[in-house]
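Q: First the structure, which I've put down as C-alpha cells, then a few questions once you've had a look.
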Amino acid sequence: MLKQWWIPTLILVAALMVTNVVASRYRYKQLYKAYRFYSKTGISETFIDYTLMDGDELEETGVHPEIVSTRRRELFWSKLSTATYFLTMSICFSALIILFYGALTAPFYVGVAFTLLMILNAYLTRRAWRKMRLKTRWNE
C-alpha cells in the first residue's frame, strides 16, 4: 500500500476539490437568495448590512427569520468551502514536499499532477469568488 500511496491521495484531493466547488456554488445560491429578498422589499441598500452580519449577531437582531436562516446556511457553505480549499492545498503541498525530499517515491507525473491540482484548485476558488462580486453580477 505504501508503494502506491499517491493513488488514494489523488482521489482524496479530487473529492475535496469537488466538495469545494459544490460548497461555493451553494454559498452563491444563498447569497443570491438574500439579494433577491432585499430587492423585492425595495430596500436593496440594506443588503450591505446582510453581507456584514456575523453568525453571532444573528440572534441579537430582529431580522426576518428567512434571512437569518439564509445567512446561517451561507456561513456554513462558506466555512466548508474555505476548509476544503485549505485542506486540498495542504495535502498537495505536503505531497510535493514528501516527493521532493524523497521520503516516499512515486512516478514523475505524480508531482506534476499535484502541482496541476493546486493550480486548478486556486483557479476554481478564484472563479467562484469572482462570481460572487456583487457589483458586476447583480448591479449591471
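The values are calculated or read from the model by the stated rules, or taken from the named source; none is laboratory data. The structure presented is a predicted model; accordingly, all values stated were derived computationally and were not measured. Note that each Cβ is placed from the backbone with ideal geometry, even for glycine, and that neighbours are counted across all protein chains shown.
Q: Looking at the range 30-64, which of the residues that are assigned to a helix (DSSP H, G or I) and either of a type in the set (A, V, I, L, M, F, W, C) or modelled with pLDDT of 90 or more (or both) is nearest to the chain's Cα centre (by Cα)?
A: Keep residues of the range 30-64 that are assigned to a helix (DSSP H, G or I), which gives 30-41, 44-52, 55-57.
Filter once more, keeping what is either of a type in the set (A, V, I, L, M, F, W, C) or modelled with pLDDT of 90 or more (or both): 31, 34, 37, 47-48, 52.
Details: Leu31: 14, Ala34: 19, Phe37: 23, Phe47: 22, Ile48: 21, Leu52: 18 Å.
Residue satisfying both the conditions and the ranking: Leu31.
Q: Can you pull out every residue in the range 4-16 that is aliphatic (A, V, I, L, M) and either crowded, with 19+ Cβ neighbours inside 10 Å or outside any helix (DSSP H, G or I) (or both)?
A: Matches in the range 4-16: Val13, Leu16.
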